[in-house]
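Trainee: Input: one structure, supplied below.
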Amino acid sequence: MKKQYLDIAPEVAQAIASNRPVVALESTIISHGMPYPQNVETALQVEQVVRDNGAVPATIAVIGGRLKAGCTKEEIVYLGQKGLNCAKASRRDLAVLAARGEDGATTVTTTMIIAHMAGIQIFATGGIGGVHRGAETTMDISADLEELSKTPVMVVCAGAKSILDLGLTLEYLETHGVPVIGYGTQELPAFYTRKSGFSVDYRMDTPQELAAAFHTSLELGFQGGMLVTNPIPEAYSMDPAVINKAIDQAVADAQAKGIHGKDITPFLLDAVKTITGGDSLNSNIQLVYNNAKVAAQAAVALCALRESQ
Ligand code: PSU
Ligand code: MN
């Protein structure tokens with residue numbers, strides 16, 4: 001890939017050049033995942049959590065057609081205020097936005113693509129896209145899953161929301177060769193809750209284990225990434241009965257309104273937040289911090305492992 005479209009923030013470039021840890025962060029979570037001003041506060045605080053755990057944050061976005069690996073505070077505020085007026089940029093959108101000089105908020109997919117272009121290997125977010133409920137007729141499968149199979153970035157998330165079909169999401173990842181790791185658990189976390197009833201492929205308990213597995217994947221020449229699922233801290237996890245009812249209602253609303261395509265995930269996130277009276281937003285914010293911490297620790301461990309070889 002040609003790098004003339006890419007702007008790497010100076011602090012990020014220096015860290016990469018000297019084998020110091022960097023963690024990528026996405027921007028759709030800012031523009032489409034949370035309301036203003038909590039989105040901006042969270043985006044800035046999550047960068048601080050990465051720093052507090054020894055790594056350099058690189059918030060990723062497309063601004064004026066430039067692929068940004070590392071946004072300034074002003075750019076984060078800009079994206080947060082632009083909100084839903086910012087294009088949600090998946091793989092299919094990136095070239096058009098860059099050619100037209102437009103803005104785009106990066107999803108897990110495009111954050112992985114730009115992180116990889118910049119040489120960043122670890123990425124923290126809240127939740128990933130997956131196979132939607134009813135995908136057997138709608139064919140709605142997030143591009144995030146495909147990207148995990150072909151771009152070598154470790155993604156730390158809190159599992160997947162049950163707006164998705166979690167069983168089919170795991171099947172898809174298995175078919176495409178993406179290992180799903182539970183951090184401190186053998187059970188796939190379901191974003192707002194620590195349990196889903198589904199098992200992950202491997203349990204790992206330390207940042208060193210995560211780093212070793214990913215390092216080996218890179219050394220084997222694998223093109224794909226790894227998915228680390230980190231359960232929401234107990235104190236912030238939600239009552240499964242409450243959240244599942246809200247999700248079922250949101251899915252029914254979306255169906256009734258005929259929402260589809262790239263609009264469905266933002267619609268469902270917003271509907272869940274409204275139905276739970278904002279409780280889900282606080283949980284969402286806290287799990288992102290928790291993922292940023294684990295990603296930063298894994299990035300530190302990965303750099304240490306490379307240093308020792
Ligand atoms: N799930 C969440 N929060 C999010 C997203 C998903 O809990 O913010 C965003 C991420 O950017 C993810 C994208 O990559 O939605 C997936 O969108 P789609 O389902 O259209 O692929
Ligand atoms: Mn989709």
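Trainee: Any residue at all in region 158-174 that is under 14 Å from the mean Cα position of the chain (by Cα) and more than 9 Å from ligand 1 (Cβ to nearest atom)?
Mentor: The answer is yes, given that some residue of region 158-174 is under 14 Å from the mean Cα position of the chain (by Cα) and more than 9 Å from ligand 1 (Cβ to nearest atom).
Trainee: Just to be sure before I move on: is residue 17 open to solvent by 80 Å² or more (accessible area, probe 1.4 Å), small (Gly, Ala, Ser) and either farther than 17 Å from residue 112 by Cβ or in contact with a His (Cβ under 6 Å, 6 or more places away or on another chain) (or both) in the structure I sent?
Mentor: Yes, satisfied.
Trainee: Turning to a different aspect of this structure: If you scan region 35-84, which residues turn out to be in contact (Cβ under 8 Å) with a residue 24 or more places away in the chain, out of contact with any Cys (no Cβ under 6 Å at 6 or more places or on another chain) and among the polar types (S, T, N, Q)?
Mentor: 38, 39, 42, 45, 53, 72, 81, listed by residue number.
Trainee: Then there is this: Identify the residue in region 132-175 that is touching an Asp or Glu at 6+ places or on another chain (Cβ under 7 Å) and either open to solvent by less than 10 Å² (accessible area, probe 1.4 Å) or not basic (Lys, Arg) (or both) and, among all such residues, is nearest to residue 248 (Cα to Cα). Break it down stepwise before answering.
Mentor: Of region 132-175, the ones touching an Asp or Glu at 6+ places or on another chain (Cβ under 7 Å) are 132-133, 135.
From what is left, the residues that are either open to solvent by less than 10 Å² (accessible area, probe 1.4 Å) or not basic (Lys, Arg) (or both) are 132, 135.
Numbers: 132: 13, 135: 16 Å.
Among them, the one singled out is 132.
Trainee: Of the residues 248, 201, which single one is among the acidic types (Asp, Glu) and more than 21 Å from residue 125 (Cα to Cα)?
Mentor: Criteria check complete, one pass: 248.
Trainee: Now for a different question. What's the number of the only condition in (1) open to solvent by 60 Å² or more (accessible area, probe 1.4 Å); (2) within 20 Å of the chain's Cα centre (by Cα); (3) under 20 Å from residue 129 (Cβ atoms) that residue 293 fails to meet?
Mentor: With respect to (1) open to solvent by 60 Å² or more (accessible area, probe 1.4 Å); (2) within 20 Å of the chain's Cα centre (by Cα); (3) under 20 Å from residue 129 (Cβ atoms), residue 293 is out only on (3).
Trainee: Of everything in region 176-185 that's within 11 Å of residue 159 (Cα to Cα) and of a type outside the set (Val, Ile, Thr), which residue is least open to solvent (accessible area, probe 1.4 Å)?
Mentor: My answer is 182.
Trainee: Related question: For region 103-145, enumerate the residues that are touching a residue at least 40 places away in the same chain (Cβ under 8 Å) and in a helix (DSSP H, G or I).
Mentor: Once the filter is applied, which keeps residues that are touching a residue at least 40 places away in the same chain (Cβ under 8 Å) and in a helix (DSSP H, G or I), region 103-145 yields 108, 110, 111, 112, 114, 115, 117, 118, 138, 143.
Trainee: Restricting to region 43-68, name every residue that is crowded, with 24+ Cβ neighbours inside 10 Å and assigned to a helix (DSSP H, G or I).
Mentor: Within region 43-68, 43, 46, 50 qualify.
Trainee: Please tell me if residue 124 is of a type in the set (Gly, Ala, Ser), under 15 Å from the mean Cα position of the chain (by Cα) and near ligand 1 (Cβ under 8 Å from one of its atoms).
Mentor: Against the criterion (of a type in the set (Gly, Ala, Ser), under 15 Å from the mean Cα position of the chain (by Cα) and near ligand 1 (Cβ under 8 Å from one of its atoms)), residue 124 does not qualify.
Trainee: Let me ask another. Given (1) open to solvent by less than 10 Å² (accessible area, probe 1.4 Å); (2) of a type in the set (S, T, N, Q); (3) more than 16 Å from ligand 2 (Cβ to nearest atom), identify the lone condition not met by residue 121.
Mentor: Failing condition for residue 121: (1).
Trainee: In region 186-211, how many residues are among the aromatic types (Phe, Trp, Tyr) and open to solvent by 70 Å² or more (accessible area, probe 1.4 Å)?
Mentor: 2
Trainee: Taking residue 74 as meeting all but one of (1) acidic (Asp, Glu); (2) surrounded by fewer than 23 Cβ atoms within 10 Å (Cβ to Cβ); (3) within 16 Å of ligand 2 (Cβ to nearest atom), write down the number of the exception.
Mentor: Residue 74 satisfies all of (1) acidic (Asp, Glu); (2) surrounded by fewer than 23 Cβ atoms within 10 Å (Cβ to Cβ); (3) within 16 Å of ligand 2 (Cβ to nearest atom) except (3).
Trainee: Kindly state which helices (runs of 4 or more DSSP H) lie completely within region 168-277 and contain at least 1 residues that are farther than 22 Å from residue 306 by Cβ and in contact (Cβ under 8 Å) with a residue 24 or more places away in the chain.
Mentor: Counting at least 1 such residues, we get 240-257, 264-275.
Yes/no matrix, rows are residues, columns are (1) open to solvent by less than 10 Å² (accessible area, probe 1.4 Å); (2) closer than 28 Å to residue 112 by Cα:
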residue: 246; (1), (2): yes, no
residue: 251; (1), (2): no, yes
residue: 255; (1), (2): no, no
residue: 272; (1), (2): yes, yes
residue: 278; (1), (2): no, no
residue: 282; (1), (2): no, yes
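Trainee: Here is a follow-up. Any idea which of (1) modelled with pLDDT of 95 or more; (2) open to solvent by 10 Å² or more (accessible area, probe 1.4 Å); (3) out of contact with any Gly (no Cβ under 8 Å at 6 or more places or on another chain); (4) of a type outside the set (Gly, Ala, Ser) is the one residue 1 doesn't satisfy?
Mentor: (1)
Trainee: Given (1) more than 16 Å from ligand 1 (Cβ to nearest atom); (2) of a type outside the set (Lys, Arg); (3) surrounded by fewer than 16 Cβ atoms within 10 Å (Cβ to Cβ); (4) over 16 Å from residue 297 (Cβ atoms), where does residue 35 come up short, assuming only one miss?
Mentor: (1)
The values are calculated or read from the model by the stated rules, or taken from the named source; none is laboratory data. These numbers were taken from a predicted model, which means no experiment stands behind them. Backbone-built Cβ (ideal geometry, glycine too); neighbour counts: all protein chains shown. Each accessible area value is taken on the protein alone, full model and side chains, heavy atoms only, with ligands, DNA and RNA left out. Shrake-Rupley method; radii C 1.70, N 1.55, O 1.52, S 1.80 Å.
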